[in-house]
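Here's the structure we're looking at; comments come further down.
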Amino acid sequence: MLLEILTYPNPELLKVSNPVKKFDRHLHFLLDNMAETMYEANGIGLAAPQVGHKVRAFIVDVAINKGDQNQLREFINPKISHGSGSIIFEEGCLSVPGLSEEVKRKEKIRIDYLDRFGKPQTLETEGLLAVAIQHENDHLDGVLFVDRLSPIRRRMAKKKLSKAITL
Ligand code: CO
């Protein structure tokens with residue numbers, strides 16, 4: 001089932017999400033629908049609050065090239081630690097259509113999280129997957145990628161954005 005993706009400036013996108021407590025069929029239904037919605041929208045990541053569910057869960061699939069096998073990953077109640085290095089990547093967001101900007105992130109991260117059955121998992125990763133994880137994790141705290149820009153670039157981005165929305 002396709003879900004509606006909330007877009008900027010919807011205030012729901014700026015709220016802090018709550019930890020997942022039940023790893024039941026409702027959660028699995030949400031995660032399955034999020035995956036369907038993400039693939040349909042050609043995104044490489046989607047967080048639950050972007051589809052109106054204020055819970056700490058997101059999905060990522062960075063196998064963007066056609067023909068590649070899906071590499072869907074689900075992260076629940078994630079905690080990022082041990083970030084090192086830095087990487088600049090041009091980011092976009094399904095909730096901020098029409099805008100892409102270069103954002104600086106940690107190059108390598110470690111993430112501790114739960115899978116859909118509530119089982120603890122750990123992943124150490126770098127590059128695009130690390131970038132996507134940090135971007136999606138921000139959504140759980142109500143942070144959008146434009147908030148990660150320098151003040152001047154953020155002002156320019158928001159100006160572009162208000163134009164994009166009005167037109
Ligand atoms: Co996003």
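Here the Karplus relation 6.51 cos²θ - 1.76 cosθ + 1.60, evaluated at θ = phi - 60°, turns the backbone of region 71-88 into coupling constants of 10, 5, 10, 10, 10, 10, 6, x, 9, 8, 8, 6, x, 8, x, 9, 9, 10 Hz, with x for every Gly and Pro. Close amide-amide hydrogen proximity is noted between residue 83 and 110, each under 5 Å apart and 5 or more residues distant or on a separate chain (H modeled in the peptide plane; Pro and chain starts excluded).
Using a 1.4 Å probe on the protein chains only, how many percent of the accessible area of the chain belongs to carbon and sulfur?
Details: 4840 of 9410 Å².
Taking all protein chains in place, the chain shows 51 percent carbon and sulfur surface.
In sequence order, region 104-118 has phi-based couplings of 9, 10, 5, 7, 10, 9, 10, 10, 9, 7, 10, 8, 5, 9, x Hz under the Karplus curve 6.51 cos²θ - 1.76 cosθ + 1.60, θ = phi - 60°, and Gly or Pro positions carry x. Residues whose amide H comes within less than 5 Å of that of residue 56, counting only those at least five positions distant or on another chain, are 18, 20, 77 (H built at 1.01 Å from N in the peptide plane).
The peptide list 113-123, 95-105, put in order of mean Cβ contacts within 10 Å with the highest first, becomes 95-105, 113-123. Between residue 84 and residue 2, the contour length at 0.36 nm per residue exceeds the alpha carbon distance by 25.9 nm.
If R0 is taken as 45 Å, the Cβ-Cβ distance between residue 141 and residue 69 corresponds to a FRET efficiency of 0.90. Other residues within the sphere of radius under 10 Å centred on the Cβ of residue 2, judged by their own Cβ, net out at -3 (K and R +1, D and E -1).
For the chain, a crude dipole built from +1 on the beta carbon of Lys and Arg and -1 on the beta carbon of Asp and Glu, taken about the Cα centre, is about 660 debye to the nearest 20.
Over all projection directions, the Cα-based convex hull of region 11-166 averages an area of 9.4 nm². Note that region 45-53 has calculated 3J(HN,Hα) couplings of x, 7, 10, 3, x, 5, 10, x, 10 Hz, one per residue in order, obtained from phi through the Karplus relation 6.51 cos²θ - 1.76 cosθ + 1.60 (θ = phi - 60°); glycine and proline are x.
What FRET efficiency would be calculated for the residue pair residue 124, residue 152, taking the C-beta separation as r and a Förster radius of 35 Å, to the nearest 0.05? Spell out each step's value before the answer.
Details: r = 34 Å, r/R0 = 0.97.
Approximately 0.55, to the nearest 0.05.
The values are calculated or read from the model by the stated rules, or taken from the named source; none is laboratory data. Remember, predicted model here, so these are calculated numbers, not experimental data. Heads up, the Cβs are rebuilt from the backbone with ideal geometry, glycines too, and the neighbour counts pull from every protein chain shown. Only protein heavy atoms, including side chains, enter the accessible area calculation; ligands, DNA and RNA are left aside. Shrake-Rupley method; radii C 1.70, N 1.55, O 1.52, S 1.80 Å.
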